[in-house]
Amino acid sequence: MIKMLMHGCNGAMGQVIAQIAEQDPEITIVAGVDIHTQKKNDFPVYASLEEVKEDVEVIVDFASAKAVDGLLAFCKTRKVPVVLCTTGLSEEQLSAVKEAAKETAVLRSANMSLGVNLLFTLVAEAAKVLASSGFDMEIVEKHHNQKMDAPSGTALALAEAMNGALENAYHYTYDRSQRREKRDALEIGISAVRGGSIVGEHDVIFAGKDEVVTISHTAYSKAIFAKGAVAAAKFLAGKEAGRYTMADVISQ
(Lines give C-alpha, C1' and ligand atoms only; values in the text may rest on other atoms or scores of the structure.)
Protein backbone atom coordinates (compact mmCIF):
# COMPACT_ATOMS: atom_id res chain seq x y z
CA MET A 1 0.00 0.00 0.00
CA ILE A 2 1.53 3.30 -1.15
CA LYS A 3 1.42 6.09 1.44
CA MET A 4 0.40 9.38 -0.13
CA LEU A 5 0.21 12.96 1.13
CA MET A 6 -2.38 15.25 -0.47
CA HIS A 7 -1.08 18.84 -0.75
CA GLY A 8 -4.11 21.11 -1.04
CA CYS A 9 -6.40 18.41 0.32
CA ASN A 10 -9.35 20.64 1.16
CA GLY A 11 -9.60 22.31 -2.21
CA ALA A 12 -12.10 21.10 -4.80
CA MET A 13 -9.59 18.86 -6.58
CA GLY A 14 -8.05 17.66 -3.33
CA GLN A 15 -11.42 16.41 -2.13
CA VAL A 16 -12.13 14.59 -5.41
CA ILE A 17 -8.70 12.94 -5.32
CA ALA A 18 -9.34 11.85 -1.73
CA GLN A 19 -12.54 10.13 -2.86
CA ILE A 20 -10.79 8.38 -5.76
CA ALA A 21 -7.87 7.25 -3.58
CA GLU A 22 -10.24 5.90 -0.94
CA GLN A 23 -11.57 3.43 -3.51
CA ASP A 24 -8.12 2.34 -4.72
CA PRO A 25 -6.65 -0.71 -2.89
CA GLU A 26 -3.08 0.17 -3.93
CA ILE A 27 -2.79 3.62 -2.35
CA THR A 28 -3.91 5.43 0.77
CA ILE A 29 -3.77 9.07 1.87
CA VAL A 30 -2.03 9.14 5.25
CA ALA A 31 -1.99 12.94 5.65
CA GLY A 32 -3.11 16.15 4.02
CA VAL A 33 -1.87 19.74 4.01
CA ASP A 34 -4.10 22.77 3.54
CA ILE A 35 -4.22 26.28 4.96
CA HIS A 36 -7.90 25.58 5.62
CA THR A 37 -7.87 22.73 8.12
CA GLN A 38 -11.53 22.85 9.17
CA LYS A 39 -12.91 20.20 6.82
CA LYS A 40 -13.14 16.72 8.29
CA ASN A 41 -11.26 13.99 6.45
CA ASP A 42 -10.37 10.36 7.11
CA PHE A 43 -6.74 11.46 7.51
CA PRO A 44 -5.02 14.14 9.60
CA VAL A 45 -4.77 17.59 7.99
CA TYR A 46 -1.94 19.99 8.78
CA ALA A 47 -1.58 23.69 8.03
CA SER A 48 1.99 23.24 6.77
CA LEU A 49 4.28 20.52 5.47
CA GLU A 50 6.63 20.99 8.40
CA GLU A 51 3.92 19.74 10.76
CA VAL A 52 3.48 16.40 8.99
CA LYS A 53 4.46 13.47 11.24
CA GLU A 54 3.57 10.57 8.97
CA ASP A 55 6.00 8.80 6.65
CA VAL A 56 4.95 9.42 3.04
CA GLU A 57 6.13 7.82 -0.20
CA VAL A 58 4.65 10.32 -2.65
CA ILE A 59 2.95 13.74 -2.64
CA VAL A 60 0.19 14.86 -4.96
CA ASP A 61 -0.08 18.65 -5.25
CA PHE A 62 -3.24 20.47 -6.23
CA ALA A 63 -2.76 23.60 -4.10
CA SER A 64 -1.72 26.96 -5.55
CA ALA A 65 1.29 28.41 -7.32
CA LYS A 66 2.27 30.45 -4.25
CA ALA A 67 2.66 27.23 -2.24
CA VAL A 68 4.92 25.51 -4.78
CA ASP A 69 8.22 27.00 -3.55
CA GLY A 70 7.82 25.53 -0.08
CA LEU A 71 6.61 22.24 -1.50
CA LEU A 72 9.63 21.81 -3.76
CA ALA A 73 12.03 22.68 -0.93
CA PHE A 74 10.33 20.09 1.29
CA CYS A 75 10.49 17.39 -1.38
CA LYS A 76 14.15 18.08 -2.11
CA THR A 77 15.08 17.86 1.57
CA ARG A 78 13.02 14.76 2.33
CA LYS A 79 13.64 13.11 -1.07
CA VAL A 80 9.89 12.59 -1.51
CA PRO A 81 8.55 12.14 -5.07
CA VAL A 82 5.92 14.72 -6.04
CA VAL A 83 3.16 14.84 -8.64
CA LEU A 84 2.94 18.57 -9.39
CA CYS A 85 -0.48 19.44 -10.80
CA THR A 86 -0.65 23.16 -9.95
CA THR A 87 -0.56 25.42 -13.02
CA GLY A 88 0.35 29.09 -13.48
CA LEU A 89 3.96 28.66 -12.35
CA SER A 90 6.46 31.47 -12.94
CA GLU A 91 9.68 31.04 -14.89
CA GLU A 92 11.57 31.00 -11.59
CA GLN A 93 9.34 28.23 -10.27
CA LEU A 94 9.77 26.20 -13.44
CA SER A 95 13.52 26.48 -12.92
CA ALA A 96 13.03 25.33 -9.33
CA VAL A 97 11.14 22.29 -10.62
CA LYS A 98 14.18 21.34 -12.72
CA GLU A 99 16.46 21.73 -9.70
CA ALA A 100 14.16 19.67 -7.48
CA ALA A 101 14.18 16.87 -10.05
CA LYS A 102 17.93 16.49 -9.47
CA GLU A 103 17.17 15.42 -5.89
CA THR A 104 13.87 13.55 -6.19
CA ALA A 105 11.31 12.32 -8.70
CA VAL A 106 9.06 15.09 -10.04
CA LEU A 107 6.12 14.53 -12.37
CA ARG A 108 4.69 17.76 -13.69
CA SER A 109 1.75 17.96 -16.06
CA ALA A 110 -0.44 20.82 -17.18
CA ASN A 111 -3.33 18.37 -17.32
CA MET A 112 -3.71 14.96 -15.71
CA SER A 113 -6.36 13.52 -18.03
CA LEU A 114 -5.58 10.66 -20.40
CA GLY A 115 -7.60 12.28 -23.19
CA VAL A 116 -5.77 15.59 -22.99
CA ASN A 117 -2.39 13.90 -23.02
CA LEU A 118 -3.42 12.08 -26.18
CA LEU A 119 -4.56 15.46 -27.53
CA PHE A 120 -1.00 16.78 -27.20
CA THR A 121 0.17 14.10 -29.64
CA LEU A 122 -2.71 14.63 -32.07
CA VAL A 123 -2.29 18.41 -32.37
CA ALA A 124 1.46 18.08 -32.86
CA GLU A 125 0.91 15.68 -35.76
CA ALA A 126 -1.82 17.87 -37.22
CA ALA A 127 0.42 20.95 -37.02
CA LYS A 128 3.13 19.22 -39.04
CA VAL A 129 0.71 18.57 -41.87
CA LEU A 130 -1.54 21.63 -41.80
CA ALA A 131 0.78 24.51 -40.84
CA SER A 132 2.98 23.85 -43.86
CA SER A 133 -0.15 24.08 -46.01
CA GLY A 134 -0.96 27.57 -44.76
CA PHE A 135 -3.48 26.76 -42.03
CA ASP A 136 -3.71 29.29 -39.19
CA MET A 137 -3.64 27.83 -35.67
CA GLU A 138 -5.79 29.04 -32.79
CA ILE A 139 -6.55 27.66 -29.32
CA VAL A 140 -9.72 28.53 -27.41
CA GLU A 141 -9.98 27.32 -23.81
CA LYS A 142 -12.92 27.63 -21.41
CA HIS A 143 -12.95 27.18 -17.64
CA HIS A 144 -15.04 27.99 -14.58
CA ASN A 145 -15.09 31.45 -13.06
CA GLN A 146 -12.93 30.43 -10.08
CA LYS A 147 -9.84 29.52 -12.12
CA MET A 148 -6.95 31.80 -11.23
CA ASP A 149 -4.68 31.59 -14.28
CA ALA A 150 -5.37 32.47 -17.91
CA PRO A 151 -4.63 31.08 -20.37
CA SER A 152 -4.77 27.62 -18.85
CA GLY A 153 -1.66 25.51 -18.42
CA THR A 154 -3.19 23.00 -20.81
CA ALA A 155 -3.66 25.63 -23.53
CA LEU A 156 -0.03 26.67 -23.19
CA ALA A 157 1.07 23.02 -23.29
CA LEU A 158 -0.98 22.48 -26.46
CA ALA A 159 0.69 25.50 -28.06
CA GLU A 160 4.10 24.19 -27.03
CA ALA A 161 3.33 20.75 -28.49
CA MET A 162 2.35 22.33 -31.82
CA ASN A 163 5.24 24.77 -31.87
CA GLY A 164 7.72 22.09 -30.90
CA ALA A 165 6.57 19.97 -33.83
CA LEU A 166 7.28 23.01 -36.05
CA GLU A 167 10.79 23.61 -34.68
CA ASN A 168 9.57 26.52 -32.51
CA ALA A 169 9.11 28.81 -35.51
CA TYR A 170 5.88 30.33 -34.14
CA HIS A 171 5.12 32.89 -31.43
CA TYR A 172 2.05 33.10 -29.17
CA THR A 173 -0.60 35.83 -29.16
CA TYR A 174 -2.92 36.32 -26.18
CA ASP A 175 -4.51 39.71 -26.87
CA ARG A 176 -5.18 41.39 -30.19
CA SER A 177 -7.21 44.30 -28.81
CA GLN A 178 -4.37 46.81 -29.14
CA ARG A 179 -3.37 45.79 -32.67
CA ARG A 180 -4.61 47.29 -35.95
CA GLU A 181 -3.00 44.84 -38.32
CA LYS A 182 -3.78 41.53 -39.94
CA ARG A 183 -2.89 38.25 -38.34
CA ASP A 184 0.74 37.19 -38.49
CA ALA A 185 1.08 33.87 -40.33
CA LEU A 186 3.59 32.66 -37.74
CA GLU A 187 1.46 33.06 -34.63
CA ILE A 188 -0.58 30.73 -32.49
CA GLY A 189 -3.51 32.61 -31.00
CA ILE A 190 -4.65 31.60 -27.51
CA SER A 191 -7.98 32.82 -26.11
CA ALA A 192 -9.35 32.24 -22.59
CA VAL A 193 -13.01 32.17 -21.51
CA ARG A 194 -13.99 32.19 -17.81
CA GLY A 195 -17.53 31.59 -16.66
CA GLY A 196 -19.95 29.55 -14.62
CA SER A 197 -18.96 26.01 -13.70
CA ILE A 198 -17.24 24.92 -16.93
CA VAL A 199 -14.85 22.13 -15.90
CA GLY A 200 -12.60 22.49 -18.92
CA GLU A 201 -12.87 22.76 -22.70
CA HIS A 202 -10.05 23.06 -25.21
CA ASP A 203 -10.53 23.59 -28.94
CA VAL A 204 -7.52 23.59 -31.25
CA ILE A 205 -8.51 25.18 -34.54
CA PHE A 206 -6.64 24.78 -37.80
CA ALA A 207 -8.22 27.29 -40.19
CA GLY A 208 -7.30 27.00 -43.85
CA LYS A 209 -8.78 28.32 -47.05
CA ASP A 210 -12.30 26.91 -47.43
CA GLU A 211 -11.87 24.35 -44.62
CA VAL A 212 -11.43 24.21 -40.87
CA VAL A 213 -10.17 21.32 -38.78
CA THR A 214 -10.98 21.43 -35.05
CA ILE A 215 -9.63 19.00 -32.46
CA SER A 216 -11.47 19.27 -29.16
CA HIS A 217 -11.46 17.92 -25.63
CA THR A 218 -14.22 18.49 -23.08
CA ALA A 219 -13.99 17.57 -19.41
CA TYR A 220 -17.36 16.92 -17.79
CA SER A 221 -16.05 16.17 -14.32
CA LYS A 222 -13.00 16.81 -12.17
CA ALA A 223 -12.87 13.05 -11.64
CA ILE A 224 -10.86 12.59 -14.86
CA PHE A 225 -8.04 14.72 -13.44
CA ALA A 226 -8.24 12.97 -10.07
CA LYS A 227 -7.95 9.53 -11.62
CA GLY A 228 -4.92 10.65 -13.58
CA ALA A 229 -3.30 12.15 -10.49
CA VAL A 230 -3.75 8.95 -8.49
CA ALA A 231 -2.37 6.87 -11.38
CA ALA A 232 0.63 9.22 -11.56
CA ALA A 233 1.21 8.90 -7.79
CA LYS A 234 1.24 5.11 -8.02
CA PHE A 235 3.66 5.31 -10.94
CA LEU A 236 6.02 7.82 -9.27
CA ALA A 237 6.34 6.23 -5.81
CA GLY A 238 9.77 4.66 -5.52
CA LYS A 239 11.11 6.19 -8.75
CA GLU A 240 14.62 7.61 -8.96
CA ALA A 241 15.22 11.35 -9.10
CA GLY A 242 14.34 12.91 -12.42
CA ARG A 243 11.61 14.61 -14.40
CA TYR A 244 8.60 12.57 -15.50
CA THR A 245 5.41 13.31 -17.44
CA MET A 246 1.99 11.76 -17.93
CA ALA A 247 3.37 10.24 -21.14
CA ASP A 248 5.55 8.04 -18.89
CA VAL A 249 2.49 6.98 -16.90
CA ILE A 250 0.48 6.17 -20.01
CA SER A 251 3.28 4.17 -21.66
CA GLN A 252 4.15 2.01 -18.65
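The values are calculated or read from the model by the stated rules, or taken from the named source; none is laboratory data. These numbers were taken from a predicted model, which means no experiment stands behind them. So basically every Cβ, Gly included, is an ideal-geometry build from the backbone, and we count neighbours across all protein chains shown. For accessibility, only protein heavy atoms count, side chains too; no ligands or nucleic acids. Shrake-Rupley method; radii C 1.70, N 1.55, O 1.52, S 1.80 Å.
Most mobile of Q15, Q38, Q178 per a Gaussian network model of the chain (Cα springs, under 10 Å)?
Sorting by GNM fluctuation, first place goes to Q178.
May I ask for the Kirkwood hydrodynamic radius of region 152-212, worked out over all distinct Cα pairs and given in angstroms to one decimal?
13.3
Between the DSSP loop rule and a limit of at most 11 other Cβ atoms within 10 Å, which trypsin sites (Lys or Arg not before Pro) in region 151-242 are left?
Within region 151-242, the qualifying trypsin sites (Lys or Arg not before Pro) (loop, at most 11 other Cβ atoms within 10 Å) are R179, R180, K182, K209.
Using 21 Å as the Cα-Cα cut-off, could you pick out the over-long pairs in K128/K209; K40/K142; K98/K239; K3/K40; K76/K234? Present the calculation step by step, with values, prior to reporting the outcome.
Working: K128/K209 17 Å; K40/K142 32 Å; K98/K239 16 Å; K3/K40 19 Å; K76/K234 19 Å.
Exceeds cut-off: K40/K142.
Can you work out the accessible area per residue across region 1-76, with the rest of the protein chains kept in place, probe 1.4 Å, in square angstrom?
Value returned for region 1-76: 50 Å² of accessible area per residue.
So what is the relative contact order of the chain, in percent, for Cα pairs below 8 Å that sit 6 or more residues apart?
Dividing the mean separation by the residue count of the chain yields 23 percent.
Give me the 1.4 Å probe accessible area per residue for region 199-243, excluding ligands and nucleic acids, in Å². Write down the numbers at each step before the final one.
Numbers: 2300 Å² over 45 residues.
Roughly 51 Å² per residue, with all protein chains present.
Are there chymotrypsin sites (Phe, Trp or Tyr not before Pro) in region 217-251 that DSSP marks as loop and that have at most 13 other Cβ atoms within 10 Å, and which are they?
Numbers: sites: Y220, F225, F235, Y244; in loops: Y220.
For chymotrypsin sites (Phe, Trp or Tyr not before Pro) across region 217-251 that sit outside H, G, I, E and B with at most 13 neighbouring Cβ atoms in 10 Å, the list reads Y220.
Rounded to the nearest 5, what % of DSSP beta bridges with both residues in the chain are antiparallel?
Counting only bridges with both partners in the chain, antiparallel ones make up about 35 percent.
How much of the accessible area of the chain, probe 1.4 Å, is carbon plus sulfur, in whole percent?
Values: 6530 of 12910 Å².
Heavy-atom surface of the chain belonging to carbon and sulfur, 1.4 Å probe: 51 percent.
In region 65-170, what trypsin sites (Lys or Arg not before Pro) fall in a loop by DSSP, with at most 11 other Cβ atoms inside 10 Å?
Sparse-neighbourhood loop trypsin sites (Lys or Arg not before Pro): K79, K102.
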